[in-house]
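Below you'll find the structure, written out as structure tokens, and then a few comments.
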Amino acid sequence: MTDPVLQVRGVSHRRGSTQVLEDIDLALPPATLAVLAGRSGSGKSTLCHLVAGVMAPRTGDVLVAGRPAHPAPDWATVSLLPQRLALDPELTVAENVLLPAGVRRREPAAELLERLGLTAIAGRPARDTSLGEQQRTALARALVLEPAVAVLDEPTAHQDDEHVHLVLGTLAAAVGTGTLVLTATHDQRVIDTAGVVV
């Protein structure tokens, strides 16, 4: 069996007086599409932020490739597609996608713009695109370095049926390169394609 690239051990987390997560244990191998499923408010986004290293757990450990997830590691190790997309509105779609590769002086993963239906708008400023196009741009940015772990929070929330299929194909391709794709979602189409559902 392949060693896990992600280990969550005894993690509990509170937000104010609310216990969001309690005693969570999870171990996931590379090259897997894993889905966090559950009702709104069940802690999916919190767990995503802990894995991405955006915050540290109150108790327990989150390890990515054997190292603590917090503080956030390089995007070549763990990337994040948050619900608030955080694109630079002045940069073009292509510039937003390629930003992590340029900052790290790494060759970007090929074909992401085409795979996500963004080629025709690649030169357009992000502010002049639809919310669905912005979400696919942010998804491409999260996958451009072929990270060990890609954490995706509701990656199909703003997609119509046609574009959901593009997103699912892109997630499958990322898994094919060895990435653990950890996705929080309510979308049954994503859940149905997952290798692991938590």
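Observations on the model:
- Heavy atoms of the protein chains alone define the surface here; on that basis the range 51-109 has 57 Å² accessible area per residue at 1.4 Å probe size.
- Under 16 Å from a label point set 7 Å out along the Cα-to-Cβ vector of Asp74, the amide N atoms of the range 105-126 belong to 105-109.
- Per-selection Rg to Rh, the range 130-198 - Cα, Kirkwood hydrodynamic radius: 0.92
- Sulfur and carbon atoms: percent of accessible area, the chain [1.4 Å]: 51 percent
- Relative packing of peptides 61-69, 136-144 - highest average C-beta neighbours within 10 Å first: 136-144, 61-69
- Normalised by the number of residues in the chain, the average gap of Cα pairs under 8 Å and 6 or more apart makes the relative contact order 29 percent.
- Seen from Ser79, the other residues with C-beta closer than 13 Å to its C-beta sum to a net charge of 0, counting Lys and Arg as +1 and Asp and Glu as -1.
- From helices alone, the chain scores -8500 deg cm²/dmol at 222 nm; the rule is -39500 (n - 2.57) for each run of n ≥ 4 DSSP H residues, then divide by the residue total.
- Net charge in the neighbourhood of Arg136 (other residues with Cβ under 12 Å of its Cβ; Lys, Arg +1, Asp, Glu -1) is -2.
- Here the average projected area of the convex hull drawn through the C-alpha atoms of the range 1-65 stands at 4.6 nm².
- Rotationally averaged projected area of the chain (alpha carbon convex hull; nm²): 10.8 nm²
- Protection proxy ranking of 78-84, 91-97, 163-169, 25-31, by the mean of other Cβ atoms within 10 Å over each peptide's residues and highest first, is 91-97, 78-84, 163-169, 25-31.
- Backbone amide hydrogens, once placed in the peptide plane, bring Val197 within less than 5 Å of Val35, excluding anything fewer than 5 places away on its chain.
The values are calculated or read from the model by the stated rules, or taken from the named source; none is laboratory data. Being a predicted model, the structure only gives us computed values, none of them experimental. For neighbour counting, all protein chains shown are included, and Cβ atoms are generated from backbone atoms with ideal geometry for every residue, glycine included. Only protein heavy atoms, including side chains, enter the accessible area calculation; ligands, DNA and RNA are left aside. Shrake-Rupley method; radii C 1.70, N 1.55, O 1.52, S 1.80 Å.
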